[in-house]
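Visitor: There's a structure below that I have some questions on.
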Amino acid sequence: MASKDILFRTDIARGGAKVDRKQEVISGFAVVTKGVTHDERGEFDDEALEKIVELGKKQKIGVKSRFGHPNMSNTALGTFLGRVKNFKRDGDIVRADLHIDPTAHKAPDGDLANYVMSLAESDPDAFGSSMVIHWDEEYRKEKDGTLAKGKDGKDLPPLIRVKKLNSVDIVDDPAANDGLFGVPFFSGTVKPSAEMTAFLDRFLEEPLAVEKMISFLEKYRMNREEKERIITKKEAKHMYETLTVEELKKEKPDVFNSIHSLGVEEGKKTGLEEGRTKERERAVSILKKSKEYKDMTDLAVDAIEKGSTLEQATIVFQDKQLEGLKKAAPASPGPDAEEGKDKQKTHLEKARAYKAEHNCSMTEALKATAPKRK
């Protein structure tokens with residue numbers, strides 16, 4: 001079995017939650033339902049449900065409950081709702097009672113306590129919860145040792161073996177249309193956080209997602225700086241274009257005379273030489289930059305011939321190097337991969353570790369960890 005720290009969203013309760021305003025308790029709401037999770041990462045069976053009841057009862061003061069998970073963009077600060085107690089089985093559902101804490105009336109986002117109780121009273125079907133648990137996965141196998149398959153011919157999802165119950169939070173279900181975060185009351189803070197969490201879950205399933213994002217941000221930064229330089233040049237050009245010679249001669253005659261006497265002669269002498277110097281500096285800078293990467297000479301010559309800037313040429317070098325890293329990157333390990341075995345680090349893994357240790361850019365990390373040429 002493989003140990004994991006994972007967040008599960010339970011099904012939204014379809015009725016059953018009752019509110020006691022005097023005691024500020026929401027009783028009988030669904031904590032988890034027996035069956036396969038909506039993302040098919042695991043399955044809660046009878047053993048898993050019994051374990052959740054056991055772990056819930058062990059915490060004498062109750063299991064903490066928050067309004068939303070802490071991995072969303074908003075922090076968990078200010079989202080504490082209270083404590084969940086009285087865990088019990090109700091057929092294929094584990095139910096419990098939420099005891100509201102007085103501080104939930106004065107949360108930064110508003111009166112969470114009153115809002116949650118009002119929602120449970122007016123629309124119990126929209127009252128949903130989600131657990132944060134530590135779990136092991138147990139795969140079912142046939143007598144010959146192969147993974148057991150369902151009627152559809154696919155491998156059965158692993159059984160969830162709960163080891164620790166951290167919290168039972170009031171959350172929204174992205175697959176539903178009637179969740180807590182779908183209402184205007186929290187649209188300015190919680191809803192964007194929930195949507196971003198769902199997006200990141202999907203995005204990070206791609207093995208090279210982080211590297212691709214780093215490359216994108218580097219290109220974005222360079223393009224933005226280039227755009228800002230162009231805008232600045234246009235503004236300066238516009239200022240000089242709107243300033244007529246007559247106005248300059250009338251308002252600043254000394255400046256006009258200096259520009260006229262020095263600018264004409266010096267411009268003739270230095271204009272051509274400055275152009276040559278700048279072109280030589282551009283070519284040399286691109287060639288030097290290409291030496292920081294492997295086998296980029298042809299691309300450097302092409303960039304010089306096309307008149308590319310140093311920033312544009314650097315983007316081409318990075319894209320080419322990232323393409324090579326992607327091809328050389330090892331395949332992402334599957335669920336049956338063995339843990340704890342030593343393996344040779346790839347260039348990309350070394351670069352990522354170097355970047356985290358030295359707090360530098362990915363480009364500098366790739367350069368620092370590149371194999372020494374013989």
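The values are calculated or read from the model by the stated rules, or taken from the named source; none is laboratory data. This structure is a prediction, so every number in the text was calculated from the model and none was measured. Using ideal geometry, Cβ is built from the backbone for each residue, glycine included, and neighbour counts are taken over all protein chains shown. Just the protein is used for accessible areas: all its heavy atoms, side chains included, with ligands, DNA and RNA removed. Shrake-Rupley method; radii C 1.70, N 1.55, O 1.52, S 1.80 Å.
Visitor: Among the numbered conditions (1) in contact (Cβ under 8 Å) with a residue 12 or more places away in the chain; (2) farther than 17 Å from D169 by Cα, tell me where I26 comes up short.
Guide: The failed condition is (2).
Visitor: Given (1) under 32 Å from the mean Cα position of the chain (by Cα); (2) surrounded by fewer than 13 Cβ atoms within 10 Å (Cβ to Cβ), where does P102 come up short, assuming only one miss?
Guide: The single condition P102 does not satisfy is (1).
Visitor: Checking the structure you have, find out if any residue of region 193-204 is modelled with pLDDT under 65, assigned to a helix (DSSP H, G or I) and aliphatic (A, V, I, L, M).
Guide: The answer is yes, given that some residue of region 193-204 is modelled with pLDDT under 65, assigned to a helix (DSSP H, G or I) and aliphatic (A, V, I, L, M).
Visitor: Quick check, is D336 over 20 Å from E225 (Cβ atoms), modelled with pLDDT of 85 or more and exposed (fewer than 15 other Cβ atoms within 10 Å of the Cβ)?
Guide: No: the conditions fail for D336.
Visitor: Within region 268-289, is even one residue of a type in the set (G, A, S), open to solvent by less than 60 Å² (accessible area, probe 1.4 Å), modelled with pLDDT of 70 or more and under 19 Å from K367 (Cβ atoms)?
Guide: The answer is yes, given that some residue of region 268-289 is of a type in the set (G, A, S), open to solvent by less than 60 Å² (accessible area, probe 1.4 Å), modelled with pLDDT of 70 or more and under 19 Å from K367 (Cβ atoms).
Visitor: Go through region 84-137 and give me each residue that's of a type in the set (S, T, N, Q) and touching a helix residue (DSSP H, G or I) at 6+ places or on another chain (Cβ under 7 Å).
Guide: Of everything in region 84-137, just one residue is of a type in the set (S, T, N, Q) and touching a helix residue (DSSP H, G or I) at 6+ places or on another chain (Cβ under 7 Å), namely N114.
Visitor: Still on this structure, I have one more. Being at pLDDT 80 or above and in contact with an Asp or Glu (Cβ under 7 Å, 6 or more places away or on another chain) narrows it down to one of E311, E292, so name that one.
Guide: E311
Visitor: Of all residues in region 91-125, count the ones that are in a strand (DSSP E or B) and in contact (Cβ under 8 Å) with a residue 60 or more places away in the chain.
Guide: 9
Yes/no matrix, rows are residues, columns are (1) charged (D, E, K, R); (2) surrounded by fewer than 17 Cβ atoms within 10 Å (Cβ to Cβ); (3) within 22 Å of K57 (Cα to Cα); (4) out of contact with any Cys (no Cβ under 6 Å at 6 or more places or on another chain):
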site: Y115; (1), (2), (3), (4): no, no, no, yes
site: S130; (1), (2), (3), (4): no, no, yes, yes
site: I133; (1), (2), (3), (4): no, no, yes, yes
site: E138; (1), (2), (3), (4): yes, no, no, yes
site: K141; (1), (2), (3), (4): yes, yes, no, yes
site: A148; (1), (2), (3), (4): no, yes, no, yes
site: K154; (1), (2), (3), (4): yes, yes, no, yes
site: N166; (1), (2), (3), (4): no, yes, yes, yes
